Structures are given as structure tokens and as C-alpha cells.
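What follows is a short report on a single structure.
The values are calculated or read from the model by the stated rules, or taken from the named source; none is laboratory data. Every value quoted in this text rests on a predicted model; they were computed, and no experiment measured them. As a convention, Cβ positions derive from the backbone with ideal geometry for all residues, glycine included, and neighbour counts pool all protein chains shown.
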Amino acid sequence: MGELILVRHGETEWSRARRHTGRTDLPLTGRGEEQARALRGALRGRRIARTVASPAERARRTAELAGLRVDDVDPDLWEWDYGGYEGITTAAIREDRPGWFLWDDGVVPGDADHPGESVEQVGRRVDAVLARARPDLAGGDVALVAHGHVLRVLTARWLGLEPAQGRLFALDTGTVSALGTEHDRPVISAWNVPAP
């Protein structure tokens with residue numbers, strides 16, 4: 001049985017500035033491209049049977065630079081839709097909503113391109129990703145190349161936790177994590193591992 005290999009895309013201008021980047025499709029920075037190339041070492045020796053990426057350019061480019069052949073692009077791997085908070089930092093949001101915390105307080109609706117979604121909606125999307133990926137694990141590892149919050153929610157769901165428990169799993173850009181099993185129970189095999 002293979003593992004789910006979670007690859008968070010490399011740095012973008014907005015991730016560096018800590019701006020919420022949901023559906024805005026930004027390219028990798030130079031550093032982000034270096035992070036992605038360096039992931040080749042972390043992925044070396046893995047028997048990856050299938051690679052699935054978010055539709056975002058930053059995810060697909062990370063996969064390419066990391067030496068992964070993208071077999072499928074899955075819209076369910078898009079980042080959390082931050083609605084009216086798209087492009088805004090937590091500090092700026094807290095100027096109007098003191099103590100705001102994404103995982104507890106959610107987002108406000110945005111425009112037609114950024115209507116926003118709840119953590120439960122993100123949870124339903126990643127449940128669908130997991131259902132499609134599980135059969136492929138019989139043939140080896142399945143790499144999922146996507147974004148910080150959506151991969152955190154996916155991890156919570158893999159472990160049988162509520163979607164909002166993704167808050168427990170901090171995840172940096174340009175990192176690799178692995179979800180597997182131990183005695184047929186879901187576990188985290190590796191977490192937030194930067195490139196060697």
C-alpha cells in the first residue's frame with residue numbers, strides 16, 4: 001500500500017506576504033521555483049503511481065520543477081475560497097474583526113470569482129479527492145500537489161477528524177508530507193519536510 005505524498009507549492013509573492021491566496025492564480029517567485037526544484041531530493045526513491053495537481057499554475061509548475069508528471073488536474077484541490085478575504089492578510093482582517101481566526105470564523109462573501117466557502121465545503125471537496133486517490137494507493141504512492149489550507153483539511157479528513165481540525169497542521173511552502181497507515185489505521189508518516 002502506497003502513501004499519499006502531499007506537496008505544497010513553492011513560494012508566491014502573496015504567500016511570502018502572508019496574503020490569503022485562494023483562487024487568484026499567481027506564479028511562483030524565483031525562490032518558489034528553487035524550492036520546487038529542491039523537492040526532487042525529497043521525492044527521490046518514491047514509487048509514485050499517480051500525480052494529481054490543483055489547477056493553479058503555482059501547483060502545476062511546482063510539480064513540473066519537482067520532477068513529477070501530472071496525470072490529472074483536479075479542481076477539488078483548489079485552495080480554500082477566501083471570498084472577500086482574498087488577497088488580504090490576517091493582520092488586516094483583524095483590524096475590522098479583532099481575534100478573527102479562519103478556522104473558527106470563516107470568510108465573508110466576495111465577488112463572483114471569489115464567493116467564499118466554509119471549512120465544511122472544503123472538507124467535502126477533499127473527501128472526494130481522497131475517495132478517488134485511495135484505489136490508486138494499491139499501485140504505489142499518490143502525489144497531491146496543492147495548497148496549504150486545502151492540504152491541511154485533507155490531512156484532517158484522512159485521519160478521520162472534522163475539517164476544522166486542519167488547524168493543527170501548519171504547512172510551509174515548498175514542503176513534502178506523507179500520509180499512510182499503521183496497522184490499517186491512518187497516520188501521518190512525515191510532515192512539513194523542507195527540501196534537503
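Observations on the model:
- Filter result (surrounded by fewer than 16 Cβ atoms within 10 Å (Cβ to Cβ) and touching a residue at least 40 places away in the same chain (Cβ under 8 Å)) within region 141-192: D172, T181, S189
- Residue in region 32-49 that is assigned to a loop (DSSP other than H, G, I, E, B), surrounded by fewer than 18 Cβ atoms within 10 Å (Cβ to Cβ) and under 18 Å from the mean Cα position of the chain (by Cα) present: no
- Some residue of region 165-174 being in a helix (DSSP H, G or I), within 30 Å of E34 (Cβ to Cβ), modelled with pLDDT of 95 or more and touching an Asp or Glu at 6+ places or on another chain (Cβ under 9 Å): yes
- Among residues of region 178-188, those that are of a type outside the set (A, V, I, L, M, F, W, C) and farther than 17 Å from A138 by Cβ, counted: 3
- Test: A138 is within 25 Å of R40 (Cα to Cα), in a helix (DSSP H, G or I) and over 16 Å from the mean Cα position of the chain (by Cα): yes
Yes/no matrix, rows are residues, columns are (1) touching a Gly at 6+ places or on another chain (Cβ under 8 Å); (2) of a type in the set (S, T, N, Q):
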{"position": "E120", "(1), (2)": "no, no"}
{"position": "V129", "(1), (2)": "no, no"}
{"position": "P135", "(1), (2)": "no, no"}
{"position": "D141", "(1), (2)": "yes, no"}
{"position": "V145", "(1), (2)": "no, no"}
{"position": "T155", "(1), (2)": "yes, yes"}
{"position": "V187", "(1), (2)": "yes, no"}
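- One residue from H20, H9 being in contact with a helix residue (DSSP H, G or I) (Cβ under 7 Å, 6 or more places away or on another chain) and farther than 22 Å from R132 by Cα: H20
- Selected residue (criterion: nearest to G10 (Cα to Cα)) from residues of region 60-104 that are surrounded by 13 or more Cβ atoms within 10 Å (Cβ to Cβ) and among the acidic types (D, E): E64
- Here region 1-27 is the region considered, the condition is being among the aliphatic types (A, V, I, L, M) and within 30 Å of D184 (Cα to Cα), and the residue that is surrounded by the fewest Cβ atoms within 10 Å (Cβ to Cβ) is M1.
- Taking the listed residues R50, R69, R44, the one that is closer than 27 Å to R134 by Cβ and at pLDDT below 95 is R44, with no other qualifying.
- Of the residues making up region 94-135, just one is part of a helix (DSSP H, G or I), touching a residue at least 12 places away in the same chain (Cβ under 8 Å) and over 17 Å from the mean Cα position of the chain (by Cα), namely D104.
- Scan region 50-59 for residues that are crowded, with 24+ Cβ neighbours inside 10 Å and part of a helix (DSSP H, G or I) and the total you get is 2.
- When A143 is tested against (1) in a helix (DSSP H, G or I); (2) under 18 Å from R47 (Cβ atoms), only condition (1) is not met.
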